[in-house]
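Step one of this worksheet: look at the structure below.
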Amino acid sequence: MYRRFGLLLLALLTAALPFAAPEACARALREGLALCGGPLLLSLFPFLIVSTLLVRSGGGELLGALLRPAARLAGVRAPAAGDVLLMGLVGGFAPAANAAAQAVRAGKLSPREAADLLPACICSGPSFVILTVGEGMLGSAGAGVRLFAAQAAAGLLSAALLSRLHGPAEPAPANLAAPPAGEAPLRLDGVIADAALTYCKLCGFILYFRLLAGGLGAALPALGLPAALLLEVASGCDLASRAGRWASWLCCGAVSWQGLSVLLQVRTICPPDVSFRPLLAARALHLPLSLALFRLLLWLPGGAAPAAAALHPVPAVLRRVPPDCALLAFFGCCLVLCQLSRLAQGPDGP
């Protein structure tokens, strides 16, 4: 009953906002379309294809070998777990969720293992955090690197803490280790079509929640920033970057929470038997951990909290990730996670 009442209120709100704030709603939709046709198109769509190809071909287990100790820290020992973490660190939440879903369908991960991995790999990709948020919104690529490192480490620590509370996940049954005999062979056209359909679904979530955030912000200005932070990560970071001295901290909170839009997108991608409870529980742990880690990273040389970038009327345009910036963020996270894994395993570890 409560769910139906909530959906009714949401329907009334969605119908009223275009009349209450037509210009703000139209601007929010235009910005959402620009985001879907620019930064997200580059950082999500190719990696949706890559995640499926890597999992179905077995190549992801080789590439993700470096991250297997980090997966063990989260309580998952399956070889495919490293691939899922790799896709999260390189491509962000959608490729990671897609890789986890593909691994469950291929029998390489159990639903419980996939659920335990989600808190460690559902994050914004480096291209969005470092360039769009850090350089484009905050005016500092270094701040973006620190934001990305903080959210990645906080995700792994959250997954590790939760795995210690409810015990390690059971591995996938042996009879599911190989695909069923009647399964259709891997076809490139099918992979591309599935990725395109998934991306269209993701863009639908982005457009809808940017509409809500923009309309609420115009109709009720006091709710503008809280609604954006709660609903959609890109809108939340955009408004948070204009908050003066607190800009980088609010962006860290937005990237940590990810927004209701991201959570629903992950729920859409993952199979129904993959529980969502670990990911939701991890959000409560992730925020204080990411803020604390971000504070520690700001103490490093050159880590002074940047002032917010000048107000920009259009979304920041994503450029190609500089190789040195991408390699520093990726391998730095790998080294930190591997060291944390060794410390956590102790003398009785494998």
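The values are calculated or read from the model by the stated rules, or taken from the named source; none is laboratory data. Since we're looking at a predicted model, the values are computed, not measured. Cβ sites come from the backbone with ideal geometry, for glycine too, and all protein chains shown count toward neighbours. We work out accessible area using only protein heavy atoms, side chains counted, and drop any ligands, DNA or RNA first. Shrake-Rupley method; radii C 1.70, N 1.55, O 1.52, S 1.80 Å.
In the set L264, L239, L260, L216, which member is free of Cβ contacts under 8 Å to residues at least 40 places away in the same chain, on the phi < 0 side of the Ramachandran plot, open to solvent by 10 Å² or more (accessible area, probe 1.4 Å) and not acidic (D, E)?
Just a single option satisfies the conditions, and that option is L239.
Among (1) farther than 29 Å from Q102 by Cα; (2) surrounded by 18 or more Cβ atoms within 10 Å (Cβ to Cβ); (3) not hydrophobic (A, V, I, L, M, F, W, C), there is one condition H286 misses while meeting the rest; what is its number?
Against the list (1) farther than 29 Å from Q102 by Cα; (2) surrounded by 18 or more Cβ atoms within 10 Å (Cβ to Cβ); (3) not hydrophobic (A, V, I, L, M, F, W, C), H286 comes up short only on (1).
Kindly indicate whether any position in the stretch 117-124 is modelled with pLDDT of 85 or more, more than 14 Å from F276 (Cα to Cα) and either assigned to a helix (DSSP H, G or I) or not acidic (D, E) (or both).
Yes: the stretch 117-124 contains one or more residues that are modelled with pLDDT of 85 or more, more than 14 Å from F276 (Cα to Cα) and either assigned to a helix (DSSP H, G or I) or not acidic (D, E) (or both).
Within the stretch 95-110, which residues are assigned to a helix (DSSP H, G or I) and touching a helix residue (DSSP H, G or I) at 6+ places or on another chain (Cβ under 6 Å)?
The answer is P95, A96, A97, N98, A99, A100, A101, Q102, A103, V104.
Please verify whether V84 is part of a helix (DSSP H, G or I), closer than 22 Å to T268 by Cβ, within 19 Å of the chain's Cα centre (by Cα) and modelled with pLDDT under 85, treating the condition exactly as stated.
no
Tell me, which residue of the stretch 36-93 that is in contact with a helix residue (DSSP H, G or I) (Cβ under 6 Å, 6 or more places away or on another chain) and of a type in the set (S, T, N, Q) is farthest from H166 (Cα to Cα)?
S43
Name the single residue that is most open to solvent (accessible area, probe 1.4 Å) among those in the stretch 71-84 being in contact (Cβ under 8 Å) with a residue 40 or more places away in the chain, under 13 Å from A120 (Cα atoms) and not β-branched (V, I, T).
Among residues in the stretch 71-84 that are in contact (Cβ under 8 Å) with a residue 40 or more places away in the chain, under 13 Å from A120 (Cα atoms) and not β-branched (V, I, T), the one most open to solvent (accessible area, probe 1.4 Å) is R72.
If you check every pair at least six apart or on different chains, which have Cβ atoms under 7 Å apart with a residue in the stretch 131-146 that is more than 14 Å from L239 (Cβ to Cβ) first and a residue that is modelled with pLDDT under 90 and acidic (D, E) second?
Correct list of pairs: A141/E135; G144/E135.
Failed condition for R68, given (1) within 17 Å of L197 (Cβ to Cβ); (2) surrounded by fewer than 24 Cβ atoms within 10 Å (Cβ to Cβ), with all others met?
All conditions are met except number (1).
Return the residues of the stretch 130-161 that are of a type in the set (V, I, T) and at pLDDT 90 or above; say none if nothing qualifies.
The one that is of a type in the set (V, I, T) and at pLDDT 90 or above: V145.
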